[in-house]
Amino acid sequence: MRGRIGLVASWRPFLYWFLLLGSYIAIHVSKLPSAVKDLAGNTVESLFGISLAWTAITLGTNFISHHMNKTSQDYSLLALNIFKTTIVAIAFLTILNIWEAPTRQVTVFLMFLVIGMFIAWLILKDTIPNLLGGIEIILGGQVKIGHVIKLESGETGVVCNI
């Protein structure tokens with residue numbers, strides 16, 4: 001019985017999306033004034049964008065949590081926060097675009113910037129822990145167990161005892 005509940009819950013976003021699609025079609029084939037159609041259509045499109053972002057955050061969080069179990073808690077939390085921030089930023093910019101905000105060029109630029117930052121994070125995900133450790137050492141002057149240190153002579157190593 002438990003499997004069926006999970007299956008029904010996984011179909012919930014599709015139910016919402018089909019209801020929104022039906023509402024959108026009904027709005028545009030109705031005999032409402034065009035100003036009302038535009039307002040209602042933009043509202044339904046915005047709700048769809050929010051629903052899509054919510055689903056992407058839920059699925060992406062589960063995926064990242066599953067695959068980041070091997071790394072430390074600090075970096076998996078960082079990855080989750082970067083992912084959620086990226087999705088929220090994209091959803092926000094998309095909604096601005098739906099409502100035809102006057103900053104269309106800025107919106108497109110920011111969307112590409114956020115996507116580029118996410119791709120850069122994916123490429124550099126193995127280097128980021130070392131970078132953060134180095135920044136912490138430079139700013140705080142403290143070395144912790146697990147930090148990777150590279151000496152000026154070129155030797156590298158992991159701190160085992162302080």
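Of all the numbered requirements in (1) assigned to a helix (DSSP H, G or I); (2) open to solvent by 60 Å² or more (accessible area, probe 1.4 Å); (3) at pLDDT below 75, Pro102 misses one, and that requirement is (1).
Residue-by-condition table, conditions (1) over 20 Å from Leu80 (Cα atoms); (2) modelled with pLDDT under 75; (3) surrounded by 14 or more Cβ atoms within 10 Å (Cβ to Cβ); (4) out of contact with any Leu (no Cβ under 7 Å at 6 or more places or on another chain):
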| position | (1), (2), (3), (4) |
| --- | --- |
| Val106 | yes, yes, no, yes |
| Ala120 | no, no, no, yes |
| Asn130 | no, yes, yes, yes |
| Gly133 | no, yes, yes, yes |
| Gln142 | yes, yes, no, yes |
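Here the condition is being at pLDDT below 80, surrounded by 12 or more Cβ atoms within 10 Å (Cβ to Cβ) and in a helix (DSSP H, G or I); of Ile64, Ile95, Ile149, Ile115, it holds for Ile64 alone. Annotation for the range 29-48: no member residue is open to solvent by less than 90 Å² (accessible area, probe 1.4 Å), under 22 Å from the mean Cα position of the chain (by Cα), at pLDDT below 95 and more than 24 Å from Asn97 (Cβ to Cβ).
The values are calculated or read from the model by the stated rules, or taken from the named source; none is laboratory data. Being a predicted model, the structure only gives us computed values, none of them experimental. Cβ: placed from backbone, ideal geometry, glycine included. Neighbour counts: every protein chain shown. Side chains are part of the model used for accessible areas, which takes the heavy atoms of the whole protein and leaves out ligands, DNA and RNA. Shrake-Rupley method; radii C 1.70, N 1.55, O 1.52, S 1.80 Å.
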